[in-house]
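Here's the structure we're looking at; comments come further down.
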Amino acid sequence: MSLLKAESPHTMNTYGRLPVAMSHGKGVRLWDVNGKCYLDALAGIAVNTLGHGHPKLVPALQEQVAKMMHCCNYYHIPDQERLAAKLAELAGMTNTFFCSSGLEANEAAIKLARKFGHDKGISNPQIIVYEKAFHGRSLATLSATGNTKIQKGFEPLVEGFIRVPLNDIQAIEAATKDNPNVVAVFFETIQGEGGINPMHKDYLQEVRALCDKRDWLLMIDEVQCGMGRTGKWFAHQWAGIKPDVMPLAKGLGSGVPIGAVVAGPRAAHIFQPGNHGTTFGGNPLAMRAGVETIRIIEEDALLDNAVVVGNHLKEELTKNVGHLKGVKEIRAFGLMIGIELDVPCSIIMSQALEAGLLLSVTADSVIRLVPPLILSTKEADEIISILVPLIKAFLDEHFDSKSSSHQNLTMQKEKA
Ligand SMILES: *Cc1c(COP(=O)(O)O)cnc(C)c1O
């Protein structure tokens with residue numbers, strides 16, 4: 001594949017692509033066009049919930065493609081009703097709007113919050129957002145995002161956001177004191193792109209109480225951490241709370257583009273006909289993908305699997321690299337795992353690719369694993385057997401004399 005350059009001749013230069021083209025997949029494995037096999041610990045960035053070519057999903061989608069893919073929202077779409085009812089049941093919420101991506105779901109959430117404010121006479125509504133947050137790349141969602149690299153070059157930003165640090169309830173109190181224009185708090189339960197940073201259970205409960213007290217909407221972006229990844233349907237459920245608004249996307253369609261914003265009673269009836277809409281959103285193919293993804297997660301007990309296999313990965317990583325100098329922290333929540341190093345390590349992504357493992361490095365120094373929820377313990381061990389030596393070799397180079405494997409080497413030399 002020597003012809004594959006980072007920049008391609010006819011697509012816009014928006015990604016620094018790795019020099020490989022994928023051809024097809026089966027389970028947690030992908031093959032490139034040259035026939036090389038990779039273990040997929042990235043799942044297309046937390047999208048391929050059921051891995052590749054799932055034997056229960058494929059025939060259902062084939063049938064749906066033949067039956068009808070699109071008809072538009074002028075008409076009732078029965079599978080929208082089915083999927084919305086299922087999401088309401090799983091989330092303990094009530095009504096859903098469907099779209100086609102994560103940023104669209106977040107854009108809808110931001111519009112809901114603003115209209116919630118306008119409906120109660122607030123003409124300049126403001127939304128609390130977070131440091132290191134990622135909500136997408138439309139103008140409103142990149143403005144809500146807490147990363148100046150993503151915003152640079154696209155100013156002026158959309159206004160109406162107040163930024164606070166994570167897990168600090170006093171910081172919200174201080175930032176909103178005597179401000180009657182605040183309408184919502186908006187965050188990811190576990191920040192994905194920001195480096196696998198969790199909101200703590202206590203904090204989630206405190207923010208829920210604060211939203212109730214101040215009549216704000218609690219809006220939780222579960223685009224990456226939702227859909228079973230942490231072992232509950234939605235990551236905030238570990239804290240026993242419910243949001244008022246919950247954007248979803250990524251894993252919901254197991255690869256078919258889909259987004260959804262789920263609302264509870266306080267936000268379910270804010271939008272009226274004419275307030276919001278989309279051509280593709282809620283189309284029969286995407287809805288079928290959502291319905292089947294949830295059905296298969298339930299049938300195959302994949303929430304439990306995410307906990308069991310996720311814990312196994314966490315234990316193995318902790319045992320094998322947790323003690324090494326240069327490993328700052330291992331943060332693992334089911335099958336959403338970040339290994340934070342002390343130094344930037346984006347090179348590990350291409351080293352892993354070469355070694356036959358797909359993963360990503362986010363926030364410069366966090367190795368991220370978000371594999372398909374079908375991952376078995378045996379396959380997890382294969383990931384470990386490739387990843388551990390890579391991390392050790394990387395740290396050896398950076399912390400010459402200090403890391404343990406190098407120490408072993410020196411000790412052997414000293415003995416000899
Ligand atoms: C990926 C992501 C988005 C954006 O989703 P797109 O489908 O890329 O628009 C928004 N929020 C979170 C938490 C994400 O991980």
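A quick yes/no check of all residues on (1) surrounded by fewer than 24 Cβ atoms within 10 Å (Cβ to Cβ); (2) within 14 Å of the ligand (Cβ to nearest atom); (3) of a type in the set (S, T, N, Q); (4) farther than 25 Å from F134 by Cβ:
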residue	(1), (2), (3), (4)
G226	no, yes, no, no
W233	yes, no, no, no
H236	no, yes, no, no
K250	no, yes, no, no
P257	yes, yes, no, no
I270	yes, no, no, no
F280	yes, yes, no, no
I297	yes, no, no, no
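Can you name every residue in region 214-224 that is within 12 Å of the ligand (Cβ to nearest atom) and among the charged types (D, E, K, R)? Result: D221, E222.
I'd like to know if region 206-213 contains one or more residues that are at pLDDT 95 or above and in a loop (DSSP other than H, G, I, E, B). Steps first, answer last, please.
Quick first cut of region 206-213, residues at pLDDT 95 or above only: 206-213.
Filter again for in a loop (DSSP other than H, G, I, E, B), leaving none.
No: region 206-213 contains no residue that is at pLDDT 95 or above and in a loop (DSSP other than H, G, I, E, B).
Of the residues examined, K201 is one that is more than 11 Å from the ligand (Cβ to nearest atom), closer than 23 Å to G338 by Cα and surrounded by fewer than 24 Cβ atoms within 10 Å (Cβ to Cβ).
Against the conditions (1) more than 16 Å from the ligand (Cβ to nearest atom); (2) under 21 Å from E299 (Cα atoms); (3) in contact (Cβ under 8 Å) with a residue 60 or more places away in the chain, T49 satisfies every one except (1).
Among D40, D79, which is more than 16 Å from the ligand (Cβ to nearest atom), buried (at least 17 other Cβ atoms within 10 Å of the Cβ) and over 30 Å from V361 (Cβ atoms)? Outline the logic, then answer.
On the way: D40 fails: over 30 Å from V361 (Cβ atoms).
Being more than 16 Å from the ligand (Cβ to nearest atom), buried (at least 17 other Cβ atoms within 10 Å of the Cβ) and over 30 Å from V361 (Cβ atoms) holds for just one of D40, D79, which is D79.
Every condition in (1) of a type outside the set (S, T, Y); (2) assigned by TED's automatic domain parsing to the domain that holds I374; (3) surrounded by fewer than 11 Cβ atoms within 10 Å (Cβ to Cβ) holds for D32 except the one numbered (3).
Selection over region 7-41 of residues that are within 23 Å of E382 (Cβ to Cβ) and of a type in the set (S, T, N, Q) gives a count of 2. Of the residues examined, G194 is one that is in contact with a strand residue (DSSP E or B) (Cβ under 9 Å, 6 or more places away or on another chain) and either within 12 Å of the ligand (Cβ to nearest atom) or not assigned by TED's automatic domain parsing to the domain that holds E89 (or both). Scanning region 115-158 for residues that are away from the ligand (no atom under 16 Å from the Cβ) and of a type in the set (G, A, S) gives G117, G121, S123, G153. Residues in region 90-106 that are hydroxyl-bearing (S, T, Y) and near the ligand (Cβ under 7 Å from one of its atoms): 1 in all.
None of S100, S143, S123 is under 30 Å from H76 (Cα atoms) and either polar (S, T, N, Q) or crowded, with 24+ Cβ neighbours inside 10 Å (or both) except S100.
The values are calculated or read from the model by the stated rules, or taken from the named source; none is laboratory data. This structure is a prediction, so every number in the text was calculated from the model and none was measured. When we count neighbours, we look across all protein chains shown, and the Cβ atoms used for this are built from the backbone with ideal geometry, even at glycine.
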